[in-house]
Amino acid sequence: MPLRPKSPEGEKPPLAGLWFHDWYIPGLDYHAHTVERTLVSRQTRYQNAQIQELHHLGLCLVLDGKMQSAACDEYIYHELLVHPAMMAHPEPRRVLICGGGEGAVLREILRHRTVESVTMVDIDRELVEVCRTHLDSWHQGAFDDPRVTLLYEDARAFVEGTREAYDVAINDISDPIQGGPGTLLYTRQFDEAVRKVLTDRGVFVTQAQGIHFDRYDIFHASIRRTLATVFDHVYSYMEYIMSFDYPWTFVMGMGSPLPGDALDLDARIAQRIQGELRYYDAEAHRHAFSLPKNLRGYLGREGKIIDDRDPLVVP
């Protein structure tokens, strides 16, 4: 049996030769992907950004050595991040995106016929411009929609300072890694700031880490538990994302309960969303929100309250 290379503590090389090494858990797991070509490799002011074409996954966005999205399955991630929250609101008109550099969250939000305006706040102008140039199949021209306001600012500072009100807020921020730009967008203080800018029926959703069915699930449990200190009703859901090689989670907070019966969801999707969704429908919704028994138990008892003074940092 061939020996598996070890990851030195703290060392995560994004590229070696013609291989991209995607580290998942220190000392346990990594994947190596053949690199067909590298379109972009740039150190922006905030992070290392690469766009590579990998043999199995197609075109991919990699930030600070971590896979963000891939051509083969980005639609699964982005449809799940956007549509459950949008459909949970009776008539979403004003939407806020924190992050979302690829433009795919914009793409999915703009499918909703009720949407009048979208404010997207991303701190990294260089990253957005790279994605706008090279990931046109992701954004599909969404940046040019007249309903979109694109701001290159710190999303935390924007949320704390805005006087606008939003029906849905979506957190599409990269993982909270040490020194990364998104660490303070997963804390109790940020969740409280988001709640204040939401309308009465407002909904907040954030990406919330992978599920491993081991001690690393503490990351999702902590994001969920923190959100539950701010919102009366909190829901975790997940789906396997091949490019991440784990079930990936999302957590949604709202003031009123999520309707328990998804039987009419397909009819509401047809009425409210333009075009054909590739992944999300009533059956996919029920599947994503049906968490296994052991995970439900874990989420009921584990997790810390994430605070500005003690932020969440993932490997």
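Structure values in brief
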read-out	value
Any chance F190 is more than 28 Å from G65 (Cβ to Cβ), modelled with pLDDT of 95 or more and aromatic (F, W, Y)	no
Residue count for the range 204-229, restricted to those that are polar (S, T, N, Q) and not in a strand (DSSP E or B)	3
Complete set of residues in the range 154-210 that are within 14 Å of the chain's Cα centre (by Cα) and of a type in the set (A, V, I, L, M)	A169, I170, I173, L185, V205, A208
Subset of the range 66-96 [farther than 30 Å from R201 by Cα, surrounded by fewer than 22 Cβ atoms within 10 Å (Cβ to Cβ) and either out of contact with any Asp or Glu (no Cβ under 8 Å at 6 or more places or on another chain) or acidic (D, E) (or both)]	A71, C72, D73
Whichever residue in the range 151-177 is crowded, with 20+ Cβ neighbours inside 10 Å and assigned to a loop (DSSP other than H, G, I, E, B) and, among such residues, is modelled with the highest pLDDT	I173
Residue match in the range 247-269 (condition: without any contact (Cβ under 8 Å) to a residue 60 or more places away in the chain, touching a helix residue (DSSP H, G or I) at 6+ places or on another chain (Cβ under 9 Å), surrounded by 20 or more Cβ atoms within 10 Å (Cβ to Cβ) and at negative phi)	yes
Flag for H285 being in contact with a helix residue (DSSP H, G or I) (Cβ under 8 Å, 6 or more places away or on another chain), touching a residue at least 40 places away in the same chain (Cβ under 8 Å), over 30 Å from A32 (Cβ atoms) and in a helix (DSSP H, G or I)	yes
Of all residues making up the range 230-246, the number that are part of a loop (DSSP other than H, G, I, E, B), touching a Phe, Trp or Tyr at 6+ places or on another chain (Cβ under 9 Å) and at pLDDT 95 or above	2
Cβ-Cβ under 6 Å pairs, at least 6 apart or on other chains, the range 180-203 side part of a helix (DSSP H, G or I), far side basic (K, R)	L184/R156; L185/R156; F190/R156
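The values are calculated or read from the model by the stated rules, or taken from the named source; none is laboratory data. Keep in mind the model is a prediction, meaning the values are calculated, not measured. With ideal geometry, Cβ positions are generated from the backbone for all residues, glycine too; neighbour counts draw on all protein chains shown.
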